[in-house]
1. Tally up the residues in segment 5-42 that are surrounded by 10 or more Cβ atoms within 10 Å (Cβ to Cβ) and not hydrophobic (A, V, I, L, M, F, W, C), please.
2. Quickly run through segment 1-41 and pick out the residues that are small (Gly, Ala, Ser) and outside any loop (DSSP other than H, G, I, E, B).
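Laboratory data are not the source of any read-out in this text; all were calculated from the coordinates shown. This one's a predicted model, so the numbers in the text were calculated from it and none came from an experiment. Ideal geometry is used to build each Cβ from the backbone, glycine not excepted, and the neighbour counts take in all protein chains shown.
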Amino acid sequence: MIGGDVGQIVNPDGVKSQLEGGAVQSASWTLKEAVTFGPDGI
């Protein structure tokens, strides 16, 4: 389930694509990406 405040919809397919893309990107960040911290920072 995805929720968003998109305002007035002019292009429904574009809104759907933006919401789906954001969900995929945030899932990728959560599940697959890592940040390594060392003595000098990131």
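1. Adding up the residues that qualify gives 10.
2. So in segment 1-41, the residues small (Gly, Ala, Ser) come out as 3-4, 7, 14, 17, 21-23, 26-28, 34, 38, 41.
Hits for segment 1-41 are Gly14, Ser17, Gly21, Gly22, Ala23, Ser26, Ala27, Ser28, Gly38, Gly41.
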